[in-house]
Amino acid sequence: MAKTFHLDIISTDRIFYEGECEHLVITAIDGLLGILPGHEALVTALPPGELKYMVGGKWRYAAISEGFIQVMPEFAVILADSCELPEEIDIKRAEEARQRAEEKLRQKQSIVEYYHTQAALNRAMNRLKISKKHFE
Ligand code: ATP
C-alpha cells in the first residue's frame, strides 16, 4: 500500500495545496473523516471547519468554508469557497464579520437572507475559533 495519496485543496481564489499527503482529517457534514491512502471512494459536503493534513510527518492546518470533498483510493480533491492558514486569518476582519452577521440576525430578513447571514456567521465563528486555537 502506498504511504501517500495526492491531495488538491482548491478554493475560489487559489490552489491552496497540491501535492502528496500522508493523512487528512476533515469535518464533513456527517462527522469527522480520516483519510489514508487507499480510502474507499466517496463524495461529501463540507461545512465550515478545520482541516488538517500530514506532509512529511508534520500536521498542517487550515480553516475552510463550505465545500465538497471527493475521495478516491489514490487521491482526494477538496473544493472550498475559501481556505486560510491559521496565520492568514485576519482576526479583526472575522470579528467585524461576526458582529455584522449577529446584528443582521436581530433584524427582520427574508428566509434567503437569513440563510446567507447564518452562513456568514458560521464562517466568521470558524475563523475566530481556528485562529484562537492556534495562537492563544
Ligand atoms: P468578509 O465579510 O470579511 O468578506 P466572508 O466570510 O464573506 O468575510 P469569504 O467570502 O469567505 O469572506 O472570503 C472572501 C476572501 O476573503 C477569501 O479569499 C477568504 O480567504 C478571505 N477572507 C475572508 N475573511 C477573512 C479573514 N478574516 N481573514 C483572512 N482572509 C479572509
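For region 47-84, the candidate set comprises residues that are charged (D, E, K, R) and in contact (Cβ under 8 Å) with a residue 60 or more places away in the chain; within that set, the residue that is surrounded by the most Cβ atoms within 10 Å (Cβ to Cβ) is Glu50.
How about region 66-80: which of its residues are assigned to a loop (DSSP other than H, G, I, E, B) and either aliphatic (A, V, I, L, M) or in contact with a strand residue (DSSP E or B) (Cβ under 6 Å, 6 or more places away or on another chain) (or both)? If you could, list the steps in order and put the result at the bottom.
Filtering region 66-80 for residues assigned to a loop (DSSP other than H, G, I, E, B) gives 66, 73-74.
If the condition is that a residue be assigned to a loop (DSSP other than H, G, I, E, B) and either aliphatic (A, V, I, L, M) or in contact with a strand residue (DSSP E or B) (Cβ under 6 Å, 6 or more places away or on another chain) (or both), then Glu74 is the only one that fits.
State yes or no: is Val112 open to solvent by 70 Å² or more (accessible area, probe 1.4 Å) and modelled with pLDDT of 95 or more? When the stated conditions are applied, Val112 passes them. Just to be sure before I move on: is Ala28 more than 21 Å from Ser131 (Cβ to Cβ), of a type in the set (A, V, I, L, M, F, W, C) and not assigned by TED's automatic domain parsing to the domain that holds Ala120 in the structure I sent? So Ala28 fits the description; yes. Being within 11 Å of the ligand (Cβ to nearest atom) and exposed (fewer than 12 other Cβ atoms within 10 Å of the Cβ) is the requirement here; does Glu87 meet it? Answer is yes for this residue. Specify the residue that is farthest from the ligand (Cβ to nearest atom); the eligible residues are those in region 90-136 that are of a type outside the set (D, E, K, R) and not in a helix (DSSP H, G or I). Among those that are of a type outside the set (D, E, K, R) and not in a helix (DSSP H, G or I), it is Ser110. Taking the criterion of being within 14 Å of the ligand (Cβ to nearest atom) and of a type outside the set (Val, Ile, Thr), the residues of region 62-78 that qualify are Ala62, Ala63, Ser65, Glu66, Gly67.
Which of the residues that make up region 34-44 are assigned to a strand (DSSP E or B), open to solvent by 30 Å² or more (accessible area, probe 1.4 Å) and touching a residue at least 12 places away in the same chain (Cβ under 8 Å)? Selection gives Leu42, Val43.
The values are calculated or read from the model by the stated rules, or taken from the named source; none is laboratory data. Note that the structure is a prediction, hence the values are computed from the model and not measured. Note that we place each Cβ from the backbone using ideal geometry, even for glycine, and neighbour counts take in every protein chain shown. Heads up: the accessible areas ignore ligands, DNA and RNA and are worked out on the full protein's heavy atoms, side chains in. Shrake-Rupley method; radii C 1.70, N 1.55, O 1.52, S 1.80 Å.
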